[in-house]
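J.: Before anything else, here's the structure in question.
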Amino acid sequence: MKIRSMLATAGLLLAALAAPALASESEVALKTAEWSFDGPFGTYDAAQIRRGFQVYKDVCAACHSLKYVSYRNLSGPQGPFHTPADPKLGEDAVKALIDGIEVPDLDDAGEPITRQARLSDPFRSPFANEKAARAANNGANPPDLSVMVKARAGGADYLYSILTGYEEAPGDVVMQPGMSYNRFFAGHQIGMPQPIVSDDQVTYTEPGAPKASVDQMARDVTAFLAWASEPHMEERKRMGLSVLLFLAFLAALLYLSYQRIWADVEH
Amino acid sequence: MAHSPSETVNRRDFIYIMSATVSAAGAAVAAWPLIDQMNPSAAAQALSSTEVDLSAIQPGQIVTVTWRKQPVFIRRRTEKEIAEAHEGDTASDLKDPQPDAQRVFKPEWLVLVGICTHLGCVPSSQVRGDYDGWFCPCHGSHYDTSGRIRKGPAPKNLAVPNYEFVSDTKIVIGEGKTPAETSKEHTA
Amino acid sequence: MSGGHSTYTPTNGFTKWLDSRLPLIRVMNDNVTNFPTPKNLNYWYTFGAILTFCLAVQLVTGIVLAMHYVASADKAFASIEYIMRDVNYGWLIRYVHMNGASMFFLAVYVHMFRGLYYGSYKAPREILWILGVIIYFLMMATAFLGYTLPWGQMSFWGATVITNFFSAFDQVIPGLGSGVLEWLRGDFAVDDAAVKRFFALHYLLPFVIAGVVFLHIWALHVPGNNNPTGIDVKGPQDTVPFHPYYTVKDGFATAIFMMLFAVFVFYAPNYLGHPDNYVEANPLVTPAHIVPEWYFLPFYAILRAVPDKLTGVLLMFGAIGVLFFVPWLDWSKVRSASYRPVFRQFFVLFVIACLALGWAGAQPAEGAALLIAQVGTFYYFIFFIFIMPVVGLWETPRKLPESIAKAVLAKNGHAAVQPAQ
């Protein structure tokens, strides 16, 4: 059983592994964008994620929760506002951005109140519960976005396609009441009205920010949600490189040992 | 064979020792995440400050609040209790001497981590012990009106957390410095 | 354990003292260090060590994850996100555990095909093979239970569909299936009661697997390893001590395997999973495609190959059950398929059939995929219950070498120069 047949078998097995991933392609080919976080060395573009956070806060947060992400994550070691030299600066920047966001709590008498959000709080959810969300949204429940990029086949490309895929419904399509036509959505009738409608809907304030075109805002908020889904990605890829280099070195040593140990045995 | 036998043996040994060492080092590094996962998570570390409104606390009253999932005593001391605390500064039975002035920002307000330094029980604020402070029911430690250990098995005074007055009637525990740190900065 | 005579002699006072009380070093010496192992084992034989590695990784990471996971329908999904975001290295430990399951199955499939090819199930290794099938079955149960725990959509609907297998028994005795179903779920639907018992069993079964693995290795060490020629060890000239010869070879193969493992963990951690499992379980909405994890796909294809519910379930369990009888289904006198030119062809077809079933299991059960699933299912069973016995009787095997040592010399082209030892 030589290396060649081992490789052939490995190839067959990998093909079998690839089958489930290929099985679930959507009917319309998604738009593809170049993401800074693509590929084995891709990293997040912190400025883009900061802009995306602004889009989320000003547009998406009206309906979509982000309940597994906390404000502290924005300024933490994996966050887009992180300032390694002095973490306090990043924390202050995030505190300024969330100033005015009120979250529910109980006062000392046990009465429900709202208070200023703190860094340790999870992102505020727009609705108290699912029933309230459905009541406010034509019966639909806007999904939580915390892991949305991992929760859809196509990932970031899918989100970007949906955000920019709104169109006038073709003449022969009968639209259900309250639905919008989206080229990339399964069945094309989506409960979410077009969220990013016009250029400069969000005002980018950071120096050097690109023009807030519809396309740019869709890309930015998608990048923000990609970060929210997988905040440890950069650490993961960095660690992966060290692990692979280490294993390659170890494998080389073990192979040399193997050859020497077996040198005097016919096998 | 071109090499002398000893040379071959040495080179071979070197490869074996390297392989074993590198494997062991890899295993040791791989163990770290498995150990570190038991340290407080990012979520636990983030819950670091507690805001307390002091306006409802009467002189002589002790309230217990929670900070980092631990009890914190806030005591509004009477004139008599403050005087007792100052007398204690020079007492001979202090195990862990520290003047009262280094344990408070304002004499009226004493803020302490409510955990006995012996084995971690919560001292009683009802049974106040021989020194009018706190008494730990587990093993009989007596603390004075400055939270200092005066009698019993506990080795250290009740700890003073870092906190700051954001207004005359409001403190935030977990922000700012401890009174001792502040007084050191002033003297320096 | 090996049954043979021991090669261990304690050298100092402590080891003598220990040896007469708990002969730990003797057992290690006789079963690991000096265990006589055929010298012609190829890389396919390294997968036993790789599987031991996989089991250890799953046990260690699993115990650690259990320190943070919350088994409750309300909190399971959130606790996974807590592990992924806030627990120190939680993302790493979970991704290792998640992909570790896939790596474990990848290795076990290679190990099983290797056993089938070289006839490692044939006398005197029947019990060894059966223990292996039991381990495989326990692995499937453990993996299924583990996949339900994150409480995503695939977890929930996988649990719903798999527990529903048992409702097929309503076709045998009305009420039997639904009774078993409610007993399994502890409720009328998969919910809190189910996730709690699934977690308890998911934690228990790996230790049962470890126990059966111990028996598996014990049963291996009584007759000793099979080898690529399939002929018995004739004497010391055919073997080498396990250490250092196979510790280093297994170590090298495991390091290569770990590299593949690391590529998935660090660069494609969710590639083998399904996006729907990042959507929290919703009992009111079924995902568009319910697909099991890749390692179950061939069996899923068999389940759906026939239109009848009970037959599908029975065929699927039968596909695993038939493996128990393999030692008595093969009537060939020769173990290794290397010396069986006809069986070898059928074996290759069998591997292709399994891969085709895996592919079909990922597709909607219609059209070409359904046809392939049906042909694959047919061949899967025919291979075991007809081809194995009949080809075994009918085929003329190639001439076997006299011994492992001679086979090795012949392969290396020394036969003519050094005829015998």
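J.: Within the range B:64-80, which residues are closer than 15 Å to residue B:146 by Cα and not in a loop (DSSP other than H, G, I, E, B)? Break it down into steps so the answer makes sense when it comes.
T.: In the first step, residues of the range B:64-80 are kept if they are closer than 15 Å to residue B:146 by Cα; the result is B:72-80.
Correct list: B:72, B:73, B:74, B:75, B:76, B:79, B:80.
J.: Moving on. Here's a check for you: in the range A:131-140, which residue that is assigned to a loop (DSSP other than H, G, I, E, B) and not polar (S, T, N, Q) is surrounded by the most Cβ atoms within 10 Å (Cβ to Cβ)? Before you say what the answer is, go through the steps one by one.
T.: Filtering the range A:131-140 down to residues assigned to a loop (DSSP other than H, G, I, E, B) leaves A:137-140.
Keeping just the survivors that are not polar (S, T, N, Q) gives A:139-140.
Values: A:139: 10, A:140: 15.
By that ranking, first place goes to A:140.
J.: Moving on to the next point. If we keep just the residues of the range B:54-82 that are within 22 Å of residue A:117 (Cα to Cα) and at pLDDT 90 or above, which is nearest to the other protein chains (Cβ to nearest Cβ)? Quick ask: steps written out before the conclusion?
T.: To start, the set of residues in the range B:54-82 that are within 22 Å of residue A:117 (Cα to Cα) comprises B:54, B:65-69.
Adding the requirement that they be at pLDDT 90 or above leaves B:54, B:65-67.
On the way: B:54: 12, B:65: 10, B:66: 12, B:67: 13 Å.
Looking at residues that are within 22 Å of residue A:117 (Cα to Cα) and at pLDDT 90 or above, I get B:65.
J.: Quick one: residue C:307 ticks every box in (1) of a type outside the set (A, V, I, L, M, F, W, C); (2) more than 29 Å from residue C:396 (Cβ to Cβ); (3) in contact (Cβ under 8 Å) with a residue 24 or more places away in the chain bar one, so which box is it?
T.: (3) is the only condition that residue C:307 fails.
J.: Give the residue, chosen from A:164, A:205, that is modelled with pLDDT under 95 and of a type in the set (Ser, Thr, Tyr).
T.: A:205
J.: A further question on this structure: State all residues of the range C:274-290 that are surrounded by fewer than 22 Cβ atoms within 10 Å (Cβ to Cβ), without any contact (Cβ under 8 Å) to a residue 24 or more places away in the chain and at the interface with chain A (Cβ under 9 Å from one of its Cβ atoms); if no residue qualifies, say none.
T.: C:288, the sole residue that qualifies.
J.: While we're here: Just to be sure I understand, how many residues within the range A:63-84 are among the aromatic types (Phe, Trp, Tyr), more than 30 Å from residue A:132 (Cα to Cα) and either within 12 Å of chain C (Cβ to nearest Cβ) or not in a loop (DSSP other than H, G, I, E, B) (or both)? Walk me through how you get there before you give the answer.
T.: Looking only at the range A:63-84, we keep the residues that are among the aromatic types (Phe, Trp, Tyr), and these are A:68, A:71, A:81.
Filter again for more than 30 Å from residue A:132 (Cα to Cα), leaving A:81.
Next, only the ones that are either within 12 Å of chain C (Cβ to nearest Cβ) or not in a loop (DSSP other than H, G, I, E, B) (or both) stay: none.
Total satisfying the criteria: 0.
J.: Anything in the range C:346-384 that is away from chain A (no Cβ under 12 Å), more than 14 Å from residue C:304 (Cα to Cα) and free of Cβ contacts under 8 Å to residues at least 12 places away in the same chain? List them, or say none.
T.: Once the filter is applied, which keeps residues that are away from chain A (no Cβ under 12 Å), more than 14 Å from residue C:304 (Cα to Cα) and free of Cβ contacts under 8 Å to residues at least 12 places away in the same chain, the range C:346-384 yields only C:382.
J.: Same structure again: So residue A:262 clears everything in (1) under 25 Å from residue A:159 (Cβ atoms); (2) within 14 Å of another protein chain (Cβ to nearest Cβ) except one condition, right? Which one?
T.: Result: residue A:262 passes all but (1).
J.: Of all residues being within 14 Å of chain B (Cβ to nearest Cβ) and over 11 Å from residue A:103 (Cα atoms) in the range A:114-130, which is surrounded by the fewest Cβ atoms within 10 Å (Cβ to Cβ)? Just the residue, please. Outline the logic, then answer.
T.: Start the filter on the range A:114-130 by keeping residues that are within 14 Å of chain B (Cβ to nearest Cβ), which leaves A:115-123.
When the remaining residues are screened for being over 11 Å from residue A:103 (Cα atoms), the result is A:119-120.
Values: A:119: 18, A:120: 14.
The qualifying residue surrounded by the fewest Cβ atoms within 10 Å (Cβ to Cβ) is A:120.
J.: Looking at the structure I just gave you, is residue C:271 within 11 Å of chain A (Cβ to nearest Cβ), aromatic (Phe, Trp, Tyr) and surrounded by fewer than 21 Cβ atoms within 10 Å (Cβ to Cβ)?
T.: On the way: within 11 Å of chain A (Cβ to nearest Cβ): yes; aromatic (Phe, Trp, Tyr): yes; surrounded by fewer than 21 Cβ atoms within 10 Å (Cβ to Cβ): yes.
Yes.
J.: Look through the range A:141-159, keep the residues that are touching an Asp or Glu at 6+ places or on another chain (Cβ under 9 Å) and not in a loop (DSSP other than H, G, I, E, B), and return whichever of them is nearest to the other protein chains (Cβ to nearest Cβ).
T.: A:150
J.: Out of everything in the range C:42-73 that is part of a loop (DSSP other than H, G, I, E, B) and either within 11 Å of another protein chain (Cβ to nearest Cβ) or in contact with a strand residue (DSSP E or B) (Cβ under 7 Å, 6 or more places away or on another chain) (or both), what residue ends up being surrounded by the fewest Cβ atoms within 10 Å (Cβ to Cβ)?
T.: Narrowing the range C:42-73 to residues part of a loop (DSSP other than H, G, I, E, B): C:42, C:67-73.
Remaining after also requiring either within 11 Å of another protein chain (Cβ to nearest Cβ) or in contact with a strand residue (DSSP E or B) (Cβ under 7 Å, 6 or more places away or on another chain) (or both): C:42, C:67-68.
On the way: C:42: 16, C:67: 11, C:68: 18.
Taking the candidates together, the pick is C:67.
J.: OK, next. Among the residues of the range C:230-238, are any surrounded by fewer than 22 Cβ atoms within 10 Å (Cβ to Cβ) and within 7 Å of chain A (Cβ to nearest Cβ)?
T.: No - not one qualifying residue is present in the range C:230-238.
J.: Which condition breaks for residue C:273 when tested against (1) assigned to a loop (DSSP other than H, G, I, E, B); (2) over 24 Å from residue A:247 (Cβ atoms); (3) not polar (S, T, N, Q)?
T.: The single condition residue C:273 does not satisfy is (2).
J.: Conditions first: (1) at positive phi; (2) in contact with an Asp or Glu (Cβ under 7 Å, 6 or more places away or on another chain). Residue B:140 passes all but one, so which condition is the exception?
T.: Checking residue B:140 against (1) at positive phi; (2) in contact with an Asp or Glu (Cβ under 7 Å, 6 or more places away or on another chain), the one that fails is (2).
J.: Follow-up question, since we're still on this one. For the range B:37-52, which residues satisfy the criterion of being farther than 30 Å from residue B:169 by Cβ and more than 9 Å from chain A (Cβ to nearest Cβ)? Step through it out loud before you land on a result.
T.: The first filter runs over the range B:37-52 and keeps only residues farther than 30 Å from residue B:169 by Cβ, leaving B:37-43.
Those that are farther than 30 Å from residue B:169 by Cβ and more than 9 Å from chain A (Cβ to nearest Cβ): B:37, B:38, B:39, B:40, B:41.
The values are calculated or read from the model by the stated rules, or taken from the named source; none is laboratory data. Quick caveat, the model's predicted, so the values are computed rather than measured. All Cβ positions, glycine included, derive from the backbone under ideal geometry; neighbour counts span all protein chains shown.
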